[in-house]
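What follows is a single structure, written as structure tokens, with notes after it.
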Amino acid sequence: MPFCPQCRYEYHPGTEQCPDCRVPLVETLPPDPRQWEQFETVELCKVSDEMTGLALQAFLLDAGIGLNLRDMRASFYGNVLSGIQGYWGTAIVTKEDEPQARKLYAEFLKDFEKK
Ligand SMILES: [Zn+2]
């Protein structure tokens, strides 16, 4: 059954787009961001800026993988640390999704370099 990745509503097979959110439906629903705490997670990569993070998130979502972006600046020392370490935040995936996410991340990087 296809799901809307945004409102998480389940649709009949053959439906391709959520009429409410106007986004393409996905076959497997990624973990609910509100329920990330329930999953064992790993850091997929460092993200240099927010744009890259969001692009990667969309790319993985296409494959049905949920990506949690952790903005370094959200933490108390974040601003200082991201300045020193030169990145914006980290991309988190569930342990279960990690192998596939790593493969996709490699593809994403190749794609990204082309542009
Ligand atoms: Zn929707």
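State the answer as a single residue: which of Leu109, Gly86, Tyr11 lies farthest towards the positive end of the charge dipole of the chain, with beta carbon charges of +1 for Lys and Arg and -1 for Asp and Glu, about the Cα centre.
Gly86
Hey, can you grab everything whose amide H is under 5 Å from the amide H of Thr41? Only 5+ residues off in sequence or another chain; H modelled, so Pro and N-termini drop out.
Here the answer is Lys95, since their amide H atoms fall under 5 Å of that of Thr41.
Collect residues whose amide H, placed 1.01 Å from N in the peptide plane, falls under 5 Å from the amide H of Gly89; neighbours closer than 5 in sequence don't count.
Those lying under 5 Å, H to H, from Gly89 are Val47, Met72.
As a test of the formula, what do you get for the chain when each DSSP H run with n ≥ 4 contributes -39,500 (n - 2.57) and the sum is divided by the residue count, at 222 nm and rounded to the nearest 500 deg cm²/dmol?
Taking each H run of at least 4 residues, the total per residue is -10500 deg cm²/dmol.
Round to the nearest 10 and give me the degree value, 0 to 90, for the angle of helix 50-62's Cα axis relative to the longest principal axis of the chain.
Helix 50-62 sits roughly 30 degrees off the main axis of the chain.
Quick note: the coordinates plus some simple rules give every number you see, no bench work behind them. Just so you know, these numbers come straight off a predicted model, no measurement behind them. Note that we place each Cβ from the backbone using ideal geometry, even for glycine, and neighbour counts take in every protein chain shown.
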